[in-house]
Amino acid sequence: MIWLMFTISAIILALSIVVMTLATILSKKTINDREKTSPFECGFDPKSSARLPFSLRFYLIAVIFLIFDVEIALLLPMTIIMQWSNIMSWSIISVIFLLILLIGLFLEWNQGALEWAS
């Protein structure tokens, strides 16, 4: 029984190594043409660099927005759950959750992460 499991594990390992090797070999681009790697602007050479640096401030605001968006999605069902739960435990959980949100918002505001222009 142990030899059967060992054999099956060895076959799966060998098969996965073969698939990963084939994927690596087949996914390589062999021809690197300057025109194909450059950005396209109506057939002309680019006027300036098309690879502009990404604003870290915008990224930070987007991540904060996603975090608070998920937290709002967690807050909305709390009103529906209130009907079927104990009002004391619901109140404690809601207050703790809102306090965590407010502390996080205060820390972000205090560190200046919410200011767009500095």
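The values are calculated or read from the model by the stated rules, or taken from the named source; none is laboratory data. Values in this document were obtained by computation on a predicted structure and should not be read as measured data. All Cβ positions, glycine included, derive from the backbone under ideal geometry; neighbour counts span all protein chains shown.
I need the full set of residues from the range 73-95 which are surrounded by fewer than 10 Cβ atoms within 10 Å (Cβ to Cβ) and aliphatic (A, V, I, L, M), in order please.
Hits for the range 73-95 are Ala73, Leu76, Ile80, Ile87, Met88.
Just one of (1) modelled with pLDDT of 80 or more; (2) out of contact with any helix residue (DSSP H, G or I) (no Cβ under 7 Å at 6 or more places or on another chain); (3) assigned to a helix (DSSP H, G or I) trips up Ser94, so point out which.
Evaluating Ser94 over (1) modelled with pLDDT of 80 or more; (2) out of contact with any helix residue (DSSP H, G or I) (no Cβ under 7 Å at 6 or more places or on another chain); (3) assigned to a helix (DSSP H, G or I) leaves (2) as the failure.
Which one of these does Glu41 not meet: (1) over 21 Å from Glu115 (Cα atoms); (2) at pLDDT 75 or above; (3) not small (Gly, Ala, Ser)?
For Glu41, the failing item is (2).
Counting only residues that are hydroxyl-bearing (Ser, Thr, Tyr) and at pLDDT 90 or above, how many does the range 1-27 have?
4
Would you confirm, using the coordinates I've provided, whether Ser94 is in contact (Cβ under 8 Å) with a residue 12 or more places away in the chain and over 30 Å from Ser55 (Cα atoms)?
Yes, satisfied.
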